[in-house]
1. Restricting the search to the range 90-127, which residues are part of a helix (DSSP H, G or I) and over 17 Å from Met72 (Cα atoms)?
2. For the subset of the range 126-142 comprising residues that are within 13 Å of Ile108 (Cα to Cα) and out of contact with any strand residue (DSSP E or B) (no Cβ under 7 Å at 6 or more places or on another chain), which member is surrounded by the fewest Cβ atoms within 10 Å (Cβ to Cβ)?
3. Quick check: anything in the range 320-336 within 15 Å of Tyr246 (Cα to Cα), of a type in the set (Gly, Ala, Ser) and more than 20 Å from the chain's Cα centre (by Cα)?
4. When you scan the range 244-362 for strands (runs of 3 or more DSSP E) that lie fully inside it, which ones turn up with 2 or more residues that are buried (at least 18 other Cβ atoms within 10 Å of the Cβ) and either out of contact with any His (no Cβ under 8 Å at 6 or more places or on another chain) or outside the structural domain of Thr147 (by TED's automatic domain parsing) (or both)?
5. What's the total number of residues in the range 231-243 that are touching a residue at least 12 places away in the same chain (Cβ under 8 Å) and in a helix (DSSP H, G or I)?
6. Considering only the range 330-340, I want to know if a residue exists there that is touching a strand residue (DSSP E or B) at 6+ places or on another chain (Cβ under 8 Å) and of a type in the set (D, E, K, R).
7. If I ask for residues that are of a type in the set (Val, Ile, Thr) and part of a helix (DSSP H, G or I), which ones from the range 50-66 would you list?
8. If you take the residues of the range 157-171 that are modelled with pLDDT of 95 or more and out of contact with any Lys or Arg (no Cβ under 9 Å at 6 or more places or on another chain), which of them is surrounded by the fewest Cβ atoms within 10 Å (Cβ to Cβ)?
Amino acid sequence: MPSSDNENSSKKKVGFIVNPIAGMGGAVGLKGTDGKEILEKALTLGAKYVAPARAETFLSEFSQIKQDICLMVGAGLMGENEARTTNFCHKVFGELKKHTQSQDTVDIAKKIATEGVDLLIFCGGDGTARDILNGVDKQLPVLGVPTGVKMHSAVFAVDPKAAARIAVRFLRKQLPIWEAEVMDIDEEAFRLGRVSARIHGYLLSPYEPHLIQGAKMASPITESELRNQAAIAIYVTENMEQDIVYVISAGTTTRTIGDLLNEKKTLLGVDLFCNKKIIAKDVNEKRILEELKGKSAKIVVTPIGGQGFIFGRGNQQISPKVIRKVGKDNIIVVATANKMKNLKRLKVDTGDQELDAEFIGTIKVITDYKIEQTAPIE
């Protein structure tokens, strides 16, 4: 609940901003929700709010030091609602609005920065990170709770609970600060299958290498890497079963499967294959579930960039409903030997905590023709 100034004076001040529309484009296959028209299209397609629940997950984990914290929050949908629900002391900034925009994040961040906060936490994706950068630059430490579709920036924790652990340790002066890259891509180009990404600047952020996701790295285009991808694709296609629907995720390694079958798979989308032919391209969650009715299926995924996520980054169309429909035992993970050499672990962040917990352990990864290795999932 809101608190008096006297009560607030003894508490650490922590900024907390939620971008309520972040992540809404993922399950419906829109690869982001930047811009009013795209948001309206996402809503038309049945998109649901993602950020509020993930913001509450963060605050629930963060509540271990609730008595020592007063949150500086955005009004209404931009943090106030979650602070009230989790009974955090809070002070509200900005105007209560039914529909929020990018500039609201910038304005609220600027106001919160004047309050002498120890840390500013935001819930969103790369677009929100850019707004925070525009609002505060390097005035104060910032930490991102991943709730968006695009999360290439190095300011994000791997998931909401990890963000809470980082925040607690930082506020207890147990973590250093580093300059984290803020990256974003051109959404229009992304929807057309082209990655046009650039660094927009740097934010000061708590550094905990095991819980920060790190900036996304492009796959190296070398002759050995291409040969490795081809060998993996040959192995996968040789083992494709008749009348089984294959839900094939985004990535260069998975795209090679389509190339080998002489089918033009989308690089940045999820496509459906059956009997070695594409039956649906760049599908959303709804289309996947429709195509899987009464059919057996398998999911083929590859870790995204250098982050190690097999679910929850760039393939939110493969939602918890889809994963449960297909079954954990019918998931095929593929990655080149070089990529796996650079990854210490794989990660899952579907937004469904129970499902994520089911993945903890190990999983087999196809790394070459008839070669598999076991990788930990944390």
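The values are calculated or read from the model by the stated rules, or taken from the named source; none is laboratory data. Just so we're clear, the structure is a prediction, and the values are computed from it rather than from any experiment. Positions of Cβ are generated from backbone atoms using ideal geometry, with glycine treated the same way; all protein chains shown enter the neighbour counts.
1. Initially, the range 90-127 is screened for residues part of a helix (DSSP H, G or I), giving 102-113, 126-127.
Correct list: Ser102, Gln103, Asp126, Gly127.
2. For the range 126-142, the residue satisfying everything is Asn134.
3. Looking only at the range 320-336, we keep the residues that are within 15 Å of Tyr246 (Cα to Cα), and these are 322-334.
Still in the list and also of a type in the set (Gly, Ala, Ser): 327.
Checking the rest, the ones that are also more than 20 Å from the chain's Cα centre (by Cα) come to 327.
Yes, there is a match, as at least one residue in the range 320-336 is within 15 Å of Tyr246 (Cα to Cα), of a type in the set (Gly, Ala, Ser) and more than 20 Å from the chain's Cα centre (by Cα).
4. Working: elements: 245-248, 271-274, 277-280, 297-301, 309-311, 331-334.
Ranges flagged: 245-248, 271-274, 297-301, 309-311, 331-334.
5. Of the residues in that region, 7 qualify.
6. Kept after step one, since they are touching a strand residue (DSSP E or B) at 6+ places or on another chain (Cβ under 8 Å), are these residues of the range 330-340: 330-337, 340.
When the remaining residues are screened for being of a type in the set (D, E, K, R), the result is none.
No, the range 330-340 has no match at all.
7. Applying the first criterion (of a type in the set (Val, Ile, Thr)) to the range 50-66 yields 50, 57, 65.
Answer for the range 50-66, where residues must be of a type in the set (Val, Ile, Thr) and part of a helix (DSSP H, G or I): Thr57, Ile65.
8. Looking at the filtered set, the residue picked out is Arg169.
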